[in-house]
Amino acid sequence: MNNDIKYMELTRAYKFRIYPDAKRQKEIELQLTLSKEFYNLLLEKSIHSYKDGNKKLSMATLNRFAKEIEKDKKFLQIYSQTRCEIKYRVLKAYKNFFRRVKEKRLGTVIKVGFPRFKSKDRYYSIIYPQDNGSFVLVKKNKKHMLRISRIGSIQIELHRKIEGKIKTLTIKKNAREYFAIFTTVIEIEPHKVENINPVGIDLGLDSFVAMSDGTKIEKPKFMQQKRKKIAKWQNIVARRKKGSKRRERAKTRLQKTYEYSTNQSTDFAHKLSDKLVKSGYTSFAVENLHIQNMVKNHRLAGSIQNASWNRFIQLLLYKAESAGLGIVKVDARNTSKECSNCGNIQEMTLSERTYICNRCGMQKNRDINASINILKRALNSTSSNFDSKTVKATAGYAERYAQGENVRPQQGAVLEELRTDKTHPLQDAVIA
């Protein structure tokens, strides 16, 4: 980062529960239905264009398609900038498609996945990409209300102060609950912290976090605890007739069961990342994990996804930066197979939990050994975040992005999901 720059921008998002009445719910459902149809018609025209030989899609082309679709006046009920956002979604889907095609040509084992049409279960958010009067927060009779263009006034539970300038609003439906997500930008002054206590972090399935100072933290098995209930509602959904009200009710129960476990996992990740940032460490070294490749091992895919490694790293990243601490990602290759004492690399099965070096005889817990290797790679890195005496708050800043919500953030945005369920405190299973 240029030393002449005094401030840097942090983009965050705040998630609040909203309570639309029957009329506003009907308006939201209408907007979701029209937005889904608008998206599918844009995609249909794009596919025909692609088959006709126009292999590249541009925003100008989508604008032309949109004008043809908007001849049907019902689509003008969608707020104009929300229609622009839908065009952006289609363009993004195509860009990701072309990126995957290129990666496959270069030898990456990946599914290309042509952009798909959206069903009503796969289109669940409306985005207002600018705070230009399309939405406003007001207080009425001691209640906070959110006024939204084309929808109306909705009661909102503002359980936390919104910091920074509001940039975008997303209205999201999850099961039968509704949420408002505000993306904000705030300027902060980068801090400088003397890097006297760096730590390496290894993420695993045996223990959620293993650290180079010998600390291990286990993660409660939230999804496993709900497995029977999830399987029960999956079977009920499968048995019921498609399109029936009973099937919709069963799907709602299934979604709520999943959501409860996800909220528990998110709450744990928030509290653990808070604790680490406040524990006296001055910088963090973590693995640059490629989760999509790891889940190809079908025996471990479910456990890896339930571990929520990416979410934890994202939360740790922005919280460390806000506190002026550094964080750097290192190559994850052979961190578990390499001896942290002599550098010997040897093969190990997943069932072997103790690393016994064939060369020097060192014996150490497998995950602790990996975390020490991660820290060493960070310290030996040419990155200025670790090779200088100070760690700048900008470490990893360019790699941040919003997660967990279908929000269109600015470059480098991180979604700070606010915990609505505070009944699951961090279970400190710390093993020395």
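Values in this text are rule-based calculations from the coordinates and carry no lab data. Note that the coordinates shown come from a computational prediction; the quantities given were computed from them, not determined experimentally. No Cβ is skipped: glycine too gets one built from the backbone with ideal geometry, and neighbour counts run over all protein chains shown.
Descriptive notes on the structure:
- Summed residue charge, Cβ within 9 Å of LEU62's Cβ, Lys/Arg positive, Asp/Glu negative: +3
- Contact order relative to length of region 8-188, as percent, for alpha carbon pairs under 8 angstrom and 6 or more apart: 35 percent
- If R0 is 45 Å, the Cβ-Cβ spacing of MET362 and LYS104 corresponds to a FRET efficiency of close to 0.65.
- Space enclosed by the convex hull of the alpha-carbon atoms of region 104-165, per residue, Å³: 217 Å³
- Protection proxy ranking of 138-149, 342-353, by the mean of other Cβ atoms within 10 Å over each peptide's residues and highest first, is 138-149, 342-353.
- Charges were assigned to the Cβ only: +1 to each Lys and Arg, -1 to each Asp and Glu. The resulting dipole of region 8-188 about its Cα centre is roughly 320 debye.
- Remark: the LYS226-ALA238 segment gains 2.5 nm on full extension, using 0.36 nm per residue and subtracting the alpha carbon distance.
- The chymotrypsin sites (Phe, Trp or Tyr not before Pro) found in region 1-96 that occupy coil by DSSP, while having at most 12 further C-beta atoms within 10 Å, are TYR7.
- Highest average packing first - 155-165, 121-131, Cβ atoms within 10 Å: 121-131, 155-165
- Hits among lysines - C-alpha to C-alpha of LYS376 under 18 Å, sequence gap 8 or more where chains match: LYS329, LYS337, LYS364, LYS389
- Sites listed here are trypsin sites (Lys or Arg not before Pro) in region 22-115 whose DSSP assignment is loop and whose Cβ has at most 14 other Cβ atoms within 10 Å: LYS55, LYS56, LYS71, LYS111.
- Counting Lys and Arg as +1 and Asp and Glu as -1 over every other residue whose Cβ lies under 10 Å from the Cβ of GLU338, the net charge comes to +4.
- For region 89-241, the dipole from Cβ point charges (+1 on Lys and Arg, -1 on Asp and Glu) about the Cα centre works out to 1580 debye, to the nearest 20.
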